[in-house]
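The values are calculated or read from the model by the stated rules, or taken from the named source; none is laboratory data. No experiment lies behind these values; they were computed from the predicted model shown. Here Cβ is always computed from backbone atoms with ideal geometry, including for glycine, and neighbour counts include all displayed protein chains.
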Amino acid sequence: MKRKILILSAVILMVVISGIVALYWCSQPPGCGKECIFTVEKGWGARRISQVLTDSGLVRCRLYLLWRYSRMDGSLPLQAGIYQFDDSMSPDSILGILTRGDVLPVQTSWVTISPGLTLAQSLGLISEGTGIPETVLDSLSADSAFLASNSVPVLEGYLFPETYEFADTLDASEILSRIIETGKTRWPRDIDELLENTGLTLHETIILASIVEREARVDSERAVIAGVFLSRVRSGMKLESCATVQYALGEVKEVLLYSDLEIEDPYNTYIYEGLPPGPICSPGLPSIHAAFSPDTEEGYLYFVSRDDGTGMHLFARTYRGHLSNIRSTAGR
């Protein structure tokens, strides 16, 4: 009997000693000071973080880290961000940094997309500002899976004009997705009702907004110009927008030649009726709102620049009135 008690006591003692040794081993740093940049993504919980820390060689035992976290205060959030650790840190030190959110200062880049820029121009600016190769951005613009994930048919017209600050840790898809999403948050809230009023689809509205962006010069006229183009579409008239011809040509000319107006291209609205196949630039917010709420009350079908330095236009309901407006601006 005494022998059994001695054996049992010895076994228990060995288990206790083994447990103490194991706890001590788990509590010790795994290395001698090798630095590591560690990123905690948004939405990661303690289990995911502990697993990745273990896989990265920063802690010896995932379960020990979870146990220490529960002992510290499991309700404290482990904050997302970029951290600098080294493998000479103890698990408690790492947990302290994570709960305090002692993240590294994130390097950022600034990019300004101005209203009226084409997709190619915008991607060039993004590449210049972030250092991401333009070829990478171009490939995403033609990636149907990427476009579908952002619920846009094309990238042209959907890169919202604004000044952006991007963390240098973001990749090309994250940057473009953020720009697209920013634009969507600025659209009117009552989109369905507005689209029902115009009879246009959402994509057609963005196309119209892009034309308004390139044709209008002052905000007060944008809704009226949108109304002119919408009325022409409804009447089965050609839009005859110089801006669409310039897009087809791939350059902005001060003066379009008659030969330019005859270029065989689906974006040439002097030849083809209706809206062009896609947007011609990134429309700004005033043009977007104008396209969602065009002003057709006066029934205008024509407009011509006043050519007086104001950027404003003369509008007409009839072709005769349009010709009269053209004559009145001649010689200015």
Scan the stretch 241-261 residue by residue and report those that are surrounded by fewer than 18 Cβ atoms within 10 Å (Cβ to Cβ), touching a helix residue (DSSP H, G or I) at 6+ places or on another chain (Cβ under 8 Å) and part of a loop (DSSP other than H, G, I, E, B). V252, K253, L256
Scan (1) in the same structural domain as S50 (by TED's automatic domain parsing); (2) in contact with a Ser or Thr (Cβ under 7 Å, 6 or more places away or on another chain) for the single condition E134 breaks and write down its number. (1)
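Rundown of residues vs (1) closer than 23 Å to L117 by Cβ; (2) without any contact (Cβ under 8 Å) to a residue 60 or more places away in the chain; (3) of a type in the set (D, E), yes/no style:
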{"position": "Y270", "(1), (2), (3)": "no, yes, no"}
{"position": "L275", "(1), (2), (3)": "yes, no, no"}
{"position": "P279", "(1), (2), (3)": "yes, no, no"}
{"position": "S282", "(1), (2), (3)": "yes, no, no"}
{"position": "A290", "(1), (2), (3)": "yes, no, no"}
{"position": "D295", "(1), (2), (3)": "no, no, yes"}
{"position": "D307", "(1), (2), (3)": "no, yes, yes"}
{"position": "T318", "(1), (2), (3)": "no, yes, no"}
Of (1) surrounded by 13 or more Cβ atoms within 10 Å (Cβ to Cβ); (2) in a loop (DSSP other than H, G, I, E, B), T310 fails just (1)
Tally the residues that are buried (at least 18 other Cβ atoms within 10 Å of the Cβ) and of a type outside the set (A, V, I, L, M), restricting the search to the stretch 97-128. 5
Please enumerate the residues belonging to the stretch 216-250 that are of a type in the set (D, E, K, R) and either closer than 21 Å to R306 by Cβ or within 26 Å of the chain's Cα centre (by Cα) (or both). R217, D219, E221, R222, R232, E240
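Quick grid of which residues meet (1) more than 28 Å from D295 (Cα to Cα); (2) at pLDDT 95 or above; (3) in contact with a Lys or Arg (Cβ under 7 Å, 6 or more places away or on another chain); (4) in a loop (DSSP other than H, G, I, E, B):
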position: G116; (1), (2), (3), (4): no, yes, yes, yes
position: E128; (1), (2), (3), (4): yes, yes, no, no
position: T135; (1), (2), (3), (4): yes, yes, no, no
position: I180; (1), (2), (3), (4): no, yes, no, no
position: H203; (1), (2), (3), (4): no, yes, no, no
